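**Q** To start, I am sharing the structure in question, which I have written as structure tokens.
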Amino acid sequence: MFDSSEYEVAMKNAVARFENELKKIRTGRAHPDMLSTIKVEAYGEFMPLNQVASVTSADATMLLVTPFDPANIQNIAKAIREDQALGLNPSDDGHVVRVPVPPLTEERRKEIVKTASSKVEEAKVAVRNVREDARKELKNAELPEDVKKRAEKDIDELTKKFTEKIDILFKDKSAEIMAI
């Protein structure tokens, strides 16, 4: 008998990665994950922001970045400012970096949805790659033809289920982004 559970887990992981990517996409509200891609030059190396500071959401329009070492405050503000994809303008008071999150324009919202749609395709490709791996294993397995056909049908149904989940997540995120 063919066990498709490992492929189902791999597809679930692909969808989970996609969900995490969606969390990073700006929706007009301040969210600490917005800064998760920032790399800060600290101690002669580039490090993820979460390794040099804590990021919290003060309210819907403000993020507070508190450095673990106050000597890095200038570099943190500089790294956030230089990330053009975010378009944020942080300011520091010597203790924390305040990052105001301006409201999104209609044009910028559409750009963000377009960016998110490319992530949808990446997630679907990941799910399809898992399906192809399963099909290759099925092809090489020494199983009766009817078992292979049934297993292939199961894999196709899993693929369809997870691509539909990706579409639903994207639709929800798009609605969230476009909501004013």
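**Q** What helices does the chain hold that run 30 Å or longer along their axis, going by alpha-carbon atoms, with a Kyte-Doolittle average of -1.0 or more, using DSSP H for the helix calls? Walk me through the numbers before you get to the answer.
**A** Details: long enough: 106-140 (51 Å, -1.33); 145-178 (49 Å, -0.94).
Flagged H segments are 145-178.
**Q** Here's another thing I want to ask about it. Counting Lys and Arg as +1 and Asp and Glu as -1, each charge on the Cβ, what is the dipole of the stretch 23-115 about the Cα centre in debye, to the nearest 20?
**A** Details: 12 positive and 12 negative charges, 91 e Å.
Value, rounded to 20: 440 debye.
**Q** I'd like to compare 83-89, 154-160: which one has the highest average count of other Cβ atoms within 10 Å, and what's the full order after that? Mind showing how you got there, number by number?
**A** Details: 83-89: 13.0, 154-160: 16.3.
Highest-to-lowest ranking by the protection proxy: 154-160, 83-89.
**Q** Between Ser54 and residues 5 or more places away or on another chain, which pairs have amide H atoms under 5 Å apart, with H built 1.01 Å from N, and which residues are they?
**A** Under 5 Å from the amide H of Ser54: Thr66, Phe68.
**Q** When a/c is below 1.5 the answer is rounded, else prolate if a/b is larger than b/c, else oblate, so apply that to the stretch 131-179 with a ≥ b ≥ c taken from the square roots of the Cα gyration tensor eigenvalues.
**A** Because a/c hits 1.5 or more and a/b exceeds b/c, the stretch 131-179 counts as prolate.
**Q** Show Glu121, Glu107 ordered by accessible area, largest first, where the area counts protein heavy atoms only and the probe is 1.4 Å.
**A** On the way: Glu121 90, Glu107 130 Å².
Ranking Glu121, Glu107 by accessible area, largest first, yields Glu107, Glu121.
**Q** Here's another thing I want to ask about it. Given Val113, Val15, Val130, which one lies farthest toward the positive end of the charge dipole of the chain, if we put +1 on the Cβ of every Lys and Arg and -1 on the Cβ of every Asp and Glu?
**A** So the residue furthest toward the plus end is Val113.
**Q** Please compute the per residue accessible area over the chain with all protein chains in place, 1.4 Å probe, rounded to a whole number of Å². Intermediate results must be reported in sequence, preceding the final value.
**A** Values: 10710 Å² over 180 residues.
I get 60 Å² per residue for the chain.
**Q** Quick one: net charge of Ala42's neighbours, Cβ under 13 Å, K/R +1, D/E -1? Spell out each step's value before the answer.
**A** Details: positive: Lys39, Lys78; negative: Glu41, Glu45, Asp69.
So the environment of Ala42 carries a net charge of -1.
**Q** For the chain, which span is the longest to avoid every loop-located (per DSSP) member of chymotrypsin sites (Phe, Trp or Tyr not before Pro) having at most 15 other Cβ atoms inside 10 Å?
**A** 69-180
**Q** Can you tally the net charge around Arg128? Count Lys and Arg as +1, Asp and Glu as -1, for every other residue whose Cβ sits under 12 Å from the Cβ of Arg128. Show your work: numbers first, answer last.
**A** Numbers: positive: Lys124, Arg131, Arg135, Lys160; negative: Glu121, Glu122, Glu132, Asp133, Asp156.
Summing Lys and Arg as +1 and Asp and Glu as -1 gives -1.
**Q** Would you mind calculating the relative contact order of the chain from Cα pairs under 8 angstrom and at least 6 residues apart, reporting the percent as a whole number? All intermediate terms of the calculation are to be shown ahead of the outcome.
**A** Numbers: 227 pairs, mean separation 47.7, N = 180.
Across the chain, relative contact order equals 27 percent.
**Q** Report which label in (1) 1.35; (2) 1.30; (3) 1.08 holds the value of Cα Rg over 2.2 N^0.38 Å derived from the coordinates of this structure.
**A** (1)
**Q** Let me ask something additional. Please state the charge dipole magnitude for the chain, taken about the Cα centre, from unit charges on C-beta atoms (+1 on K and R, -1 on D and E), reported in debye and rounded to the nearest 20. Mind showing how you got there, number by number?
**A** Working: 30 positive and 33 negative charges, 94 e Å.
With Lys and Arg at +1 and Asp and Glu at -1, about 460 debye.
The values are calculated or read from the model by the stated rules, or taken from the named source; none is laboratory data. This is a predicted model, so every value here is computed, not measured. When we count neighbours, we look across all protein chains shown, and the Cβ atoms used for this are built from the backbone with ideal geometry, even at glycine. When the accessible area is computed, the model is the full protein with side chains, heavy atoms only, and any ligands, DNA or RNA have been set aside. Shrake-Rupley method; radii C 1.70, N 1.55, O 1.52, S 1.80 Å.
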